[in-house]
Amino acid sequence: MVVVLDENKCVEIIDFEKKRKTHLDLNAYEIASEYHHLFEPNPKDLFPDVEGWLTTKEGLFLYELSKKVGSGCIVEIGSWFGKSTCWIAQGLKENNKKNNFYAIDPHIGSNEHKKFVKKVGGTTNEIFLHNLCGHHLEKYVIPIKKMSWEAINDIKEPIAFLFIDGSHEYEDVKKDFEQWFSKVKIGGIIAFHDNNWVGVKKVLDEIDRNDYSEMGIIETITWIKK
Ligand SMILES: C[S@@+](CC[C@H](N)C(=O)[O-])C[C@H]1O[C@@H](n2cnc3c(N)ncnc32)[C@H](O)[C@@H]1O
């Protein structure tokens, strides 16, 4: 199925973008600039047709991590149209990795997306699947159409890389972090998207950095190594 977003829907995404910019954490951006040398000055977005909020550098970070991932599975909380899903799956594909990659999303949108999701038929699932298939990545992804807390018992293996990008409300981010933490293997990576959102930032501020062997920031992704 081909889904073409009309102009109005695109405008709505740009509005979300504006809202996010009001919560901008300049400090996070300053730290992020230290990591820019890791990437090309103008990196190419491999998935320009897949709409989302992930920047190309953030996508490259997910891709590099997935290419290097050791034993264990990858879990993504919050897929939307599949932008981050595509970057992670591409990393697994290029290195011929056999790690399972679970992409968890009920595909009904977070609170701030409800109006938009209604306009695309009440679900983002079809666009998500269309995007994965369009890039021949569907065989690298195991979609789980549930809320993260409903999916917790579906994943039986240790997690090497957990990407948290579901609801950005403080209680929800905290719940995702606390509930999934024990499933992440020692040495595994937990990455949070949208570190400039109030709820996400609050959870990150509460984390004691001394408990982790490494942490870093790539634009609006903050990651920690367990
Ligand atoms: C910011 S979007 C994800 C963006 C996506 N990672 C990308 O790169 O485009 C947030 C998504 O999280 C989903 N979501 C909200 N609460 C969730 C939960 N508790 N578990 C899983 N997904 C959730 C929403 O349905 C929405 O699709």
When only DSSP loop residues count, what trypsin sites (Lys or Arg not before Pro) in region 149-191 have their Cβ near at most 10 other Cβ atoms within 10 Å?
-> K156
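Express the relative contact order of region 148-200 as a whole percentage, based on alpha carbon pairs under 8 Å and six or more residues apart in sequence.
The value is 47 percent.
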Distance in nm between pseudo-label sites at K225 and W53 (7 Å out along the Cβ direction from Cα) | 2.8 nm
Neighbour net charge for C73 - beta-carbon separation under 14 angstrom, K R +1, D E -1 | +2
Residue-ordered couplings for region 48-64, obtained by feeding phi - 60° into the Karplus form 6.51 cos²θ - 1.76 cosθ + 1.60 and rounding to whole Hz (Gly and Pro as x), are x, 7, 8, 7, x, 10, 5, 7, 5, 5, 5, x, 4, 4, 4, 5, 4
List, in the order given, every pair from K67/K225; K57/K183; K185/K226; K145/K202 whose Cα-Cα distance in the structure shown is over 19 Å.
-> K57/K183; K145/K202
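Only the coordinates and a few stated rules stand behind these numbers; no lab work does. What you see is a predicted model; the values in this text were computed from it and never measured. Cβ atoms come from the backbone with ideal geometry, glycine included; neighbour counts cover every protein chain shown.
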